Structures are given as C-alpha cells and as structure tokens.
Amino acid sequence: MLYLAYQIYKMDVTKASTSKNSATFYTGFLLQFLNPKTVIFTLTVIPSYVLPYYNGFVPLTLNILGITVIAFIAFLLWILCGAIFKELLRKYSTITNSIMALFLVYAAVMIWF
C-alpha cells in the first residue's frame, strides 16, 4: 500500500496517454462480476443473513441476483461520478494525488495498529 501511495503521489496525469489498452464499458461490466468487494460482500451476506432463514434454491438465487444488481448500480454510480469529476480531478491532480496518497498511507498505518 505504501508503494501504491508513492506511485500515486508521483504520478503525472498531464502527459497524454498513448496506451491502446483503454478500458471500455464492456470490460468494466465483466470485471464487476469479479470485483473482490462484491465477492466478499456476497460471502458475508449469504451465510450471515440469508442461509439462517432461507434454504431453497429460488430464495438463494434471488438474493444473489439482488446483490448483483446492487453491485451493478454501484458500478454505474462509479462511472457517473468519474464522468462528473473527471475534469475537476485533472485540473487539481497534484492536490488530489497528494490527498489520495496520504489516505493510503493512513490506511496502511491503521492496518498495522
């Protein structure tokens, strides 16, 4: 995490990206099904809140579909916020990167204490 904080702090976004490996909506949509936060959320919710009350195939399937819908809505909100704040974050990239790096350092310190 500290290395990631360092990389974010020294990152220069003013240079034009020449990479041809740009993310698309389709790749983001597919990646959402492998999102670790969603998987951990599902692995927490199903045994804790669903299995004690529902044992059938249909209720479990509906709950998993509900979690998938929630994750997809979160993905769409992430896209929307990214589109809204893109120029603002680019304009103040030095300040933004510094703040994000400080939060990563804080998170790394809090993990160990």
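Using the average count of surrounding beta-carbon atoms within 10 Å as a protection proxy, the listed peptides 75-83, 97-105 rank, highest first, as 97-105, 75-83. Protein heavy-atom surface of the chain, 1.4 angstrom probe: 74% of the accessible area is carbon and sulfur, with nucleic acids and ligands not counted.
Convex hull volume of the Cα atoms of the stretch 48-93, normalised per residue: 72 Å³. Computed from backbone phi, the HN-Hα couplings of the stretch 87-95 come to 5, 4, 5, 6, 5, 10, 5, 5, 5 Hz, rounded to whole numbers (Karplus: 6.51 cos²θ - 1.76 cosθ + 1.60, θ = phi - 60°; Gly and Pro given as x). Largest first, the residues Val58, Val39 sort by 1.4 Å accessible area into Val58, Val39.
Dipole of the chain computed with +1 at Lys/Arg Cβ and -1 at Asp/Glu Cβ about the Cα centre; of Ile111, Leu34, Ser93, farthest Cα towards the positive end is Ser93. Averaged per residue, the stretch 33-111 has 78 square angstrom of accessible surface, using a 1.4 angstrom probe with ligands and nucleic acids left out. Kirkwood radius, the chain, all distinct C-alpha pairs, inverse of mean reciprocal distance: 17.3 Å. Comparing Leu43, Gln7, Gly56 along the charge dipole axis of the chain, the residue lying farthest to the positive side is Gln7, per the Cβ-charge model.
Starting from 0.36 nm per residue, how many nanometres of slack lie between Asn35 and Ser98 once their C-alpha separation is accounted for?
20.1 nm
So for the chain, averaging the separation of alpha carbon pairs under 8 Å that are six or more residues apart and normalising by length, what relative contact order in percent results?
Normalised by residue count, the contact order of the chain is 58 percent.
Tell me, in nm to one decimal, what length is gained between Leu88 and Tyr54 on full extension, where the rule is 0.36 nm per residue of separation less the Cα-Cα distance? Before the final figure, lay out the partial values.
Details: separation 34, 0.36 × 34 = 12.24 nm, distance 4.66 nm.
Full extension from Leu88 to Tyr54 adds 7.6 nm.
The calculated 222 nm mean residue ellipticity attributable to helices in the chain amounts to -24000 deg cm²/dmol, summing -39500 (n - 2.57) over DSSP H runs of n ≥ 4 and dividing by all residues.
With a Förster radius of 22 Å, plug the Cβ-Cβ distance of Ala108 and Lys10 into 1/(1 + (r/R0)^6) and report the FRET value to the nearest 0.05.
On the way: r = 17 Å, r/R0 = 0.76.
Plugging the Cβ-Cβ distance into 1/(1 + (r/R0)^6) gives 0.85.
The values are calculated or read from the model by the stated rules, or taken from the named source; none is laboratory data. Since the structure is predicted, the reported quantities are computational estimates derived from the model, not experimental observations. For neighbour counting, all protein chains shown are included, and Cβ atoms are generated from backbone atoms with ideal geometry for every residue, glycine included. For accessibility, only protein heavy atoms count, side chains too; no ligands or nucleic acids. Shrake-Rupley method; radii C 1.70, N 1.55, O 1.52, S 1.80 Å.
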